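Trainee: Structure below; questions to follow.
The values are calculated or read from the model by the stated rules, or taken from the named source; none is laboratory data. A quick note: this is a predicted structure, and the numbers were derived from the prediction, not measured. Glycine gets a Cβ as well: all are built from the backbone with ideal geometry, and neighbour counts include every protein chain shown. In case anyone asks, the SASA skips ligands and DNA or RNA and just uses the protein heavy atoms, side chains included. Shrake-Rupley method; radii C 1.70, N 1.55, O 1.52, S 1.80 Å.
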Amino acid sequence: MDAARLRAMTLVSVLLVMSVTPLVASAQGEVTCCNSTDFRLYLMGEADDGALTPFQEDLESDSSDSQSTLVTPSILSEIKIGTWEVTWGTEGDYENSTWDFTIPYEVEGAAGVTINSTLEVRIGGSFYDGDGGLNPFLSGSGSLQVSVDVGSGQVSDGDRVQISLTVRNLMFSQPGDDAGVRFLWGSEAHDAHISMRFPLVDIEMKDASVLGNLVYLPIVLKSGFDDRMWSGSTGGISVGGSQVSQMPIATGVEGGVEVTFFWEAPEDFESGTINVDFHLSPQDGLQITESKSHDIDIGEDDGETGGWYPANEPLRTGGSTLDLEINAVWDGYEVQREAIIRFDGSMSQWMRWGLDNIGNQSLGSNSWWRNLNSYSDSVPSDDRHNGRVDDSELLALQGHLTGSASNLRSFMSNGLFLEIEAILGVNPIELGPSEITIDMGATRAFSADAITITIDTSYNYDSSEGERQILVETFVRASQDDYWTEIELSAELKSTLFEDLGVVASEEIQYKHRRWIVLEAITIEEDDLDPDLDFRVEYQPSGFILYGVLIGAAMSVLFLSVGIGFAMSLTKRRTSLPALVTVVTLGCLALVIYVLGMPMPIVFGVSLASVLLVFPVALVSPKDETVQKMVKQAKGPSIRCPVCSTKVVVESDVRPLRMECTSCENMLRIEE
């Protein structure tokens, strides 16, 4: 009886194992990658509040921005160099491995130093430590290395990964008064890091979806770094070995980011299996790859929608290019300004999705598009969530932006992460009647194509107040995230015939200031503007009519004409060449200064100097008789009169020759 019961229990157990096994394989197939990965965590931030990041692009490009800790001989106890940590956002097992820590150092004011170092590693509630070897000798500059043996374990979502470096027993060789050893981190030149094997990111390649001849391939990246795992890395996909160049769509999901690629099937492709290879590289030397095959049946678009829209609001950090063009005219009373903002990429995807979701009550609490919920009644039901941007949705946004200066500021600052005052030159409250137009470009469907926003406005300015006016200044809003990867700036300010732009001041950016008799202009051309550059270009019109571009040129010509007139009148019995050369030279100099846009008082000063210098130059110019004598003397050989020693020019080659001395009238005879 017991044997029969035992056999029955064994059979049931086998059946249970057989039934559960396929379910386990299916569950494991949902997340295709990855358990543990070899990568680096870079040290960032200050010593007492440091951070760890896997993204190499977070390192400062300038070595002067490195963080550091200096240890001197006067410190005899154990010294903590720094503590760096990160809160982990994934779960997984990590295996036995050796973690290698590297930090650059520089020995100052000594031949070298012998040092003992200890590195402590905490993973949640687990603790490990290691040392840098037996009394290593450091000299000059190099890197201190410490290894830590980490046992296997499991990391949970929310666990803190922390490392701390301490040194002790420092013995300096031939120390000077300023001896010390400095440890550096946080920049590309001083890329202190810890190499580790640890769970970094889970990659889930979802099933493809088809719309017409477009195949959408969603990939979910789950890590503790949210959308930074995509925006802080380089990556992409290839289909059948061919790289897909179209920009993907990134949307936030719980615990990570979903990146949707789209592939346009060839015309001769109707159905079949495609192989998709995905790669992700958060840092140099690390490339995480995963592959999946999809069975595709190409269908036909029913034409009811303009394209595929993601379910969630797209992220704006996937990479966007910005082209800002500013055209302004100063007429003496007001500044007419046109700002053309053209952008594509992730920011274009975000705006297209938001316009089609006006009135969507399920928007996140931090979504800017919730500001347009009051316009939901103005959008017909047929235009909502139809996969394209309709006229009613564009009118709703335009009405919102023109209805209030605070609305315009909010959209630019919190939506596009741009400073509107830096673009328009004044606070939006001071603007006169404004017109805002939005051009969706070649398509109104969901895409990364360029969108153009044009703001045509004006504002009053009284030049008598003597206040500096802003042509343009830093217009990218400071943020921890990089929303704009490429920026192009073109700005031009012109004046009318009788106005001037005054003195121009610039910080950290190049400009051109030119006068062309009928107009004065300031131009800026930057094809590759650094988003982090802090710059400004200002101008200050004088309001003085004589400094106007046309009248200023006329006054300069008048001064030069007077100078030429004085030169001719003062040199009636003297040679006029030196005076004329002086006037013409200073006139050319005044012309160059005028065209190059230097302050008008300098132009007038040089022109007036041409008049004043005519008097001393005319006084020292030789008389006509003296010049004639000099010319005669230069015509041929000469002899000296034996009576009065006057130099007499010999004008004939005939010998013997009789000639009269021009001074004493004595007759001279030349035999040979």
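Trainee: By how many degrees, 0 to 90 and rounded to 10, does the Cα axis of helix 600-612 deviate from the longest principal axis of the chain?
Mentor: Taking Cα atoms only, the helix is inclined about 10 degrees.
Trainee: So if I take the centroid of the Cα atoms in the stretch 440-518 and the same for the stretch 172-211, what is the distance between those two points in Å?
Mentor: The two parts, judged by their Cα centres, are 39 Å apart.
Trainee: Any chance you could give the angle, 0 to 90 degrees and rounded to 10, that helix 346-355 forms with the longest Cα principal axis of the chain?
Mentor: 70 degrees
Trainee: Given a 1.4 angstrom probe, what's the average accessible area per residue across the stretch 474-567, in square angstrom?
Mentor: Values: 4870 Å² over 94 residues.
Accessible surface, normalised per residue, equals 52 Å².
Trainee: Could you work out the local net charge near residue 503, counting Lys and Arg as +1, Asp and Glu as -1, over the other residues with Cβ closer than 10 Å to its Cβ?
Mentor: Details: positive: 468; negative: 500, 538.
Within the 10 Å Cβ shell, the charges total -1.
Trainee: May I pose another question? Tally up the carbon and sulfur contribution to the accessible surface of the stretch 388-483 as a whole percent, 1.4 Å probe, everything protein left in place. Present the calculation step by step, with values, prior to reporting the outcome.
Mentor: Working: 1670 of 4010 Å².
Taking all protein chains in place, the stretch 388-483 shows 42 percent carbon and sulfur surface.
Trainee: Looking only at trypsin sites (Lys or Arg not before Pro) in DSSP loops with at most 12 other Cβ atoms within 10 Å, what is the longest site-free stretch of the chain?
Mentor: With trypsin sites (Lys or Arg not before Pro) excluded where exposed in loops, the chain gives 1-571 as its longest stretch.
Trainee: Could you work out how far the C-alpha centroid of the stretch 401-424 sits from that of the stretch 572-619, in angstrom?
Mentor: About 51 Å separates the Cα centre of the stretch 401-424 from the one of the stretch 572-619.
Trainee: Show me the chymotrypsin sites (Phe, Trp or Tyr not before Pro) within the stretch 101-136 that DSSP assigns to loop and that have at most 11 other Cβ atoms within 10 Å of their Cβ.
Mentor: Details: sites: 101, 105, 127, 128; in loops: none.
Passing sites in the stretch 101-136 do not exist.
Trainee: Please give the FRET efficiency for residue 665 paired with residue 496, using the beta carbon to beta carbon distance and R0 = 60 Å, rounded to the nearest 0.05.
Mentor: Numbers: r = 73 Å, r/R0 = 1.21.
Efficiency at R0 = 60 Å is approximately 0.25.
Trainee: Could you state the angle between the C-alpha long axis of helix 391-403 and the longest principal axis of the C-alpha atoms of the chain, as a value from 0 to 90 degrees rounded to the nearest 10?
Mentor: So the helix axis and the longest Cα principal axis differ by about 60 degrees.
Trainee: For semi-axes √(5λ) of the Cα gyration tensor in Å, which listed value, (1) 40, 29, 27; (2) 76, 41, 25; (3) 45, 32, 24, comes from the coordinates shown?
Mentor: Comparing each candidate, only (2) matches the computed number.
Trainee: A further question follows. Treat every Asp and Glu Cβ in the stretch 279-411 as -1 and every Lys and Arg Cβ as +1, leave all other atoms uncharged, and give the resulting dipole magnitude about the Cα centre to the nearest 20 debye. Could you put the intermediate results ahead of the total?
Mentor: Working: 9 positive and 22 negative charges, 149 e Å.
Roughly 720 debye, rounded to the nearest 20.
Trainee: For the stretch 126-191, give the magnitude of the charge dipole about the Cα centre (Cβ charges: +1 Lys/Arg, -1 Asp/Glu; no others), in debye to the nearest 20. Don't skip to the end; give the middle numbers.
Mentor: Numbers: 3 positive and 9 negative charges, 34 e Å.
Computed charge dipole of the stretch 126-191: roughly 160 debye.
Trainee: Setting aside same-chain residues fewer than 8 positions from residue 292, which aspartates and glutamates have a Cα under 20 Å from its Cα?
Mentor: 30, 202, 204, 207, 258, 264, 270, 277
Trainee: Calculate what fraction, in whole %, of the accessible area of the stretch 76-171 sits on carbon and sulfur atoms when a 1.4 Å probe is rolled over the protein chains.
Mentor: Answer for the stretch 76-171: carbon and sulfur cover 39 percent of the accessible area.
Trainee: What is the gain in length, in nm to one decimal, between residue 96 and residue 478 on full extension, counting 0.36 nm per residue of separation less the C-alpha to C-alpha distance?
Mentor: Numbers: separation 382, 0.36 × 382 = 137.52 nm, distance 4.19 nm.
Contour length minus Cα-Cα distance gives 133.3 nm.
Trainee: I'd like to check one number: the per residue accessible area of the stretch 76-215, probe 1.4 Å, reported in Å² as a whole number.
Mentor: Using a 1.4 Å probe on heavy atoms only, each residue of the stretch 76-215 averages 43 Å².
Trainee: Further question: Please report the spacing between the Cα centers of the stretch 248-276 and the stretch 91-139 in Å, no decimals.
Mentor: The stretch 248-276 and the stretch 91-139 have Cα centres spaced 43 Å from each other.
Trainee: Looking at the stretch 196-262, which GluC sites (Glu not before Pro) are in a loop (DSSP not H, G, I, E or B) and have at most 16 other Cβ atoms within 10 Å? The partial results should precede the final answer.
Mentor: Values: sites: 204, 254, 258; in loops: 254.
Hits after loop and neighbour filter: 254.
Trainee: Grab the other residues whose beta carbon is less than 12 angstrom from that of residue 226, score K and R as +1, D and E as -1, and report the net.
Mentor: Spelling it out: positives minus negatives among the neighbours equals -2.
Trainee: What share of the DSSP beta bridges in the chain is antiparallel, in percent to the nearest 5?
Mentor: In the chain, approximately 90 percent of DSSP beta bridges are antiparallel ones.
Trainee: Can you give the local net charge around residue 154? Use residues other than it whose beta-carbon is closer than 10 angstrom to its beta-carbon, Lys and Arg +1, Asp and Glu -1. Can you show the working numbers first?
Mentor: Details: positive: none; negative: 91, 93, 159.
Summing Lys and Arg as +1 and Asp and Glu as -1 gives -3.
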